[in-house]
Amino acid sequence: MAVDLLLGLQWGDEGKGKIVDVLTSKYDIIARFQGGPNAGHTLEFDGQKHVLHTIPSGIFHDDSINLVGNGVVIDPVIFKRELDNLAKHNVDYKSKLLISRKAHLILPTHRLLDAASEASKGKAKIGSTLKGIGPTYMDKTGRNGLRVGDLELEDWKERYRTLADKHEKMIAFYDVDVQYDLAELEKEFWTAIETLKELTFIDSEEYLHQAMKNGKTILAEGAQGSLLDIDFGTYPFVTSSNTTAAGACTGLGVAPRNIGDAFGIFKAYTTRVGSGPFPTELFDEVGERMGKVGNEFGATTGRKRRCGWLDLVALKYAVQVNGITQLIMMKGDVLSGFDTLKVCTAYKYKGDEITHLPFNIEPENLEPIYTEVKGWKEDLTKMKDASSLPKEFNDYVDFLEKELETPITIVSVGPDRKQTITR
Ligand code: IMP
């Protein structure tokens, strides 16, 4: 069987957690392939809200295996907190959670380095979640990192010490005020490492290869969004991994020819958290309203998300880079009540009208050009099937489908599992 992908197409926070949870019943294995605890995947069902950071969103289903792939970076401390929370909800995670030996570990000093790096950047800071993501991927590509499989080595603690000592020298080099008590941080780190070691470590590329051979269905769950991709995002205001389709190949060891459907998920409008350019950002009461109705606060950091109209130029770019075969539109319900909606269909770039994402989308070079469409008044949150959706909503979806040349097969009209309509 092929591996299907679920990818965020904007700047993250599209609602991947909810959709993986909805789709899980169709898959035997859910696998995360990049990112780490910078992600916050929110799931709501039975009146309860759960936020996962590193653990795949299939963990609440009895029959699915959840794999943390080699491309993921794991902070044992945050991972333990996630496990403790699952235990509180009586989720028997041990039998259905597998960890790749090749996944890299986030050390306490990676988090400190992240803080020092951001502090040293002043106004140019990335707006990182400060979870140590950048420094951990730097150690991975710099060939200094420590991996989950290293925990099985006799000299693991010496390896840890060597790297942590080096990090401390680097923190001092930044010459910024980062206060820390490493002994205290290490105490909780060692406890968390013991918890991690109780889980099953595997050679995950071999596991997936055999699973495919045996006809198992697999969904690769992306984190963050395409516009935060280290290569294709709005660099340098991006995360440090490949969030796009290619990341699933390197982050799981799956060959391109074994990729099946690529589900692309986007919000009916746009949000961004952290710094960086955002052409359709709204600074008025319309943006405020989207943020309020859409409850646009980060699931990981609690930060207020910036809001704006849908940017079809950027979305089309993400559809192309990922080879999206089906689209899923989230939060249509948040746009209820607007007389007209705006959709950015082109940019004015250095005086010319263009319809592709250029190298630089900083506001001094670029202005969005909007197409206006009619809004809808109805509250969508109680609607259960496609036939009850208002005409103006369907017109909006049809317009987007045509522009993106890709079918929108699912629309979500609220945070709960049940508020999901297949078209
Ligand atoms: P980092 O990956 O924590 O270093 O953050 C880099 C940039 O990506 C910052 O602008 C973050 O706000 C953003 N970012 C990282 N992870 C997420 C996410 O899961 N959702 C939305 N934005 C994210």
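At a glance:
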{"quantity": "Dipole magnitude of the range 104-196 about its Cα centre (Cβ charges: Lys, Arg +1; Asp, Glu -1), debye to nearest 20", "calculated": "520"}
{"quantity": "Paramagnetic label zone (point 7 Å from Cα along Cα-to-C-beta, residue 1; backbone N under 16 Å) in the range 201-232", "calculated": "207-221"}
{"quantity": "Column: log10 I(q)/I(0), Debye, Cα scatterers of the range 266-422, q = 0.11, 0.13, 0.19 Å⁻¹", "calculated": "-0.44, -0.62, -1.33"}
{"quantity": "Degrees separating the helix 182-197 axis from the principal Cα axis of the chain, which is the longest one", "calculated": "80"}
{"quantity": "Shape of the range 150-247, Cα gyration tensor, a/c cut at 1.5", "calculated": "oblate"}
{"quantity": "Share of Cα-Cα pairs in the chain lying beyond 37 Å, as whole percent", "calculated": "22"}
{"quantity": "Potential extension, residue 301-residue 85 segment - 0.36 nm per residue separation minus Cα distance", "calculated": "76.0 nm"}
{"quantity": "Residue (of 35, 196, 409) at the positive-pole extreme of the chain, dipole from beta-carbon charges", "calculated": "196"}
{"quantity": "Cut-off 19 Å (backbone N to label point 7 Å along Cα→Cβ of residue 320), residues of the range 219-250", "calculated": "226-235, 243-247"}
{"quantity": "The chain - percent relative contact order, Cα under 8 Å, separation 6 or more", "calculated": "20"}
{"quantity": "The range 10-29 and the range 78-144: distance between their alpha carbon centers, rounded to Å", "calculated": "21"}
{"quantity": "Selection from 113, 171, 128, by position along the positive dipole direction of the range 104-196 (Cβ)", "calculated": "128"}
{"quantity": "Rounded if a/c under 1.5, otherwise prolate or oblate - the range 315-359, Cα gyration tensor axes", "calculated": "oblate"}
{"quantity": "Residue-averaged 222 nm ellipticity for the chain, from DSSP H runs of 4+ at -39500 (n - 2.57), nearest 500", "calculated": "-9500 deg cm²/dmol"}
{"quantity": "Length-normalised contact order for the range 1-56 - Cα pairs under 8 Å, 6+ apart - percent", "calculated": "30"}
{"quantity": "Three-way shape call for the range 1-88 based on the alpha-carbon gyration tensor, with the a/c threshold at 1.5", "calculated": "rounded"}
{"quantity": "Average accessible surface area per residue within the chain, 1.4 Å rolling probe, Å²", "calculated": "43"}
{"quantity": "Local electrostatic count, residue 102, Cβ distance below 15 Å [Lys/Arg +1, Asp/Glu -1]", "calculated": "-1"}
{"quantity": "Carbon/sulfur fraction of accessible area - the chain, other protein chains in place, 1.4 Å, %", "calculated": "50"}
{"quantity": "The chain, dipole about Cα centre (Lys/Arg Cβ +1, Asp/Glu Cβ -1), debye to the nearest 20", "calculated": "200"}
{"quantity": "Estimated FRET transfer efficiency (residue 120, residue 360; beta-carbon r; R0 22 Å; 0.05)", "calculated": "0.40"}
{"quantity": "Degrees, to the nearest 10: 108-121 long Cα axis against longest axis of the chain", "calculated": "50"}
{"quantity": "Degrees between helix 76-88 axis and first principal axis of the chain (Cα, 0 to 90, nearest 10)", "calculated": "70"}
{"quantity": "Computed lengthening from residue 257 to residue 169, 0.36 nm per intervening residue step minus Cα-Cα distance", "calculated": "27.2 nm"}
{"quantity": "Using a Förster distance of 35 Å, the FRET efficiency for residue 62-residue 150 (Cβ separation, nearest 0.05)", "calculated": "0.60"}
{"quantity": "Peptides 249-259, 292-302, 357-367, 270-280 ordered by average Cβ neighbours within 10 Å, highest first", "calculated": "270-280, 249-259, 292-302, 357-367"}
{"quantity": "Proximal lysines relative to residue 16, as straight alpha-carbon distance under 17 Å, when same-chain residues fewer than 8 apart are discounted", "calculated": "26, 49, 267, 331, 418"}
{"quantity": "Chain lengthening between residue 213 and residue 374 when straightened (0.36 nm per residue, less Cα-Cα)", "calculated": "53.1 nm"}
{"quantity": "Percent RCO, i.e. relative contact order, over the range 104-196, from Cα pairs under 8 Å lying at least 6 residues apart", "calculated": "40"}
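The values are calculated or read from the model by the stated rules, or taken from the named source; none is laboratory data. Just so we're clear, the structure is a prediction, and the values are computed from it rather than from any experiment. Every residue, glycine among them, receives a Cβ derived from its backbone with ideal geometry; neighbour counts consider all protein chains shown. To get the accessible areas, we keep the full protein, side chains included, count just its heavy atoms, and leave off ligands, DNA and RNA. Shrake-Rupley method; radii C 1.70, N 1.55, O 1.52, S 1.80 Å.
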